[in-house]
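Before any comments, here is the structure.
The values are calculated or read from the model by the stated rules, or taken from the named source; none is laboratory data. Since this is a predicted model, take the numbers as computed values, not measurements. Please note: Cβ atoms are built from the backbone with ideal geometry, for glycine as well, and neighbour counts cover all protein chains shown.
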Amino acid sequence: MATELETGLPSVRQLQMLIRDKQEVEIKLMTSDVITGKVQWQDVYCVCLSDLENQSIVIWRHAIAYLKPKT
């Protein structure tokens, strides 16, 4: 696994855009749990989501089935 965030990857740029725009997202985990909130930051291994109650949730990237913007 990479040790630096590859900012040229479309997935990384997409997440950066969601962070910048403070857009609400839906993250479905491999366990079928669904979490809704705003992406606060990302690194090589994790994504931090601020849920609807403003609690920070750190999610391992390999635990994510999909992430999509809420419309």
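Structure summary
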quantity: Members of segment 33-61 found to be buried (at least 16 other Cβ atoms within 10 Å of the Cβ), in contact (Cβ under 8 Å) with a residue 24 or more places away in the chain and touching a Phe, Trp or Tyr at 6+ places or on another chain (Cβ under 8 Å), listed by number; calculated: Val47
quantity: Sole exception among (1) out of contact with any strand residue (DSSP E or B) (no Cβ under 6 Å at 6 or more places or on another chain); (2) closer than 19 Å to Thr7 by Cα for Glu53, by number; calculated: (2)
quantity: Pair list, Cβ < 7 Å and 6+ apart or interchain, from segment 10-21 residues that are of a type outside the set (A, V, I, L, M, F, W, C) to residues that are assigned to a helix (DSSP H, G or I) and modelled with pLDDT under 95; calculated: none
quantity: Those residues of segment 25-58 which are of a type outside the set (Gly, Ala, Ser) and on the phi > 0 side of the Ramachandran plot, in sequence order; calculated: Asn54
quantity: Number of positions in segment 1-53 that are hydroxyl-bearing (Ser, Thr, Tyr), at pLDDT 95 or above and outside any loop (DSSP other than H, G, I, E, B); calculated: 2
quantity: Residue under evaluation Lys22, criteria (1) at positive phi; (2) surrounded by 12 or more Cβ atoms within 10 Å (Cβ to Cβ), criterion not met; calculated: (2)
quantity: Candidate set: segment 27-71, residues that are farther than 15 Å from Met17 by Cβ and of a type in the set (Phe, Trp, Tyr); chosen: the one farthest from the chain's Cα centre (by Cα); calculated: Tyr45
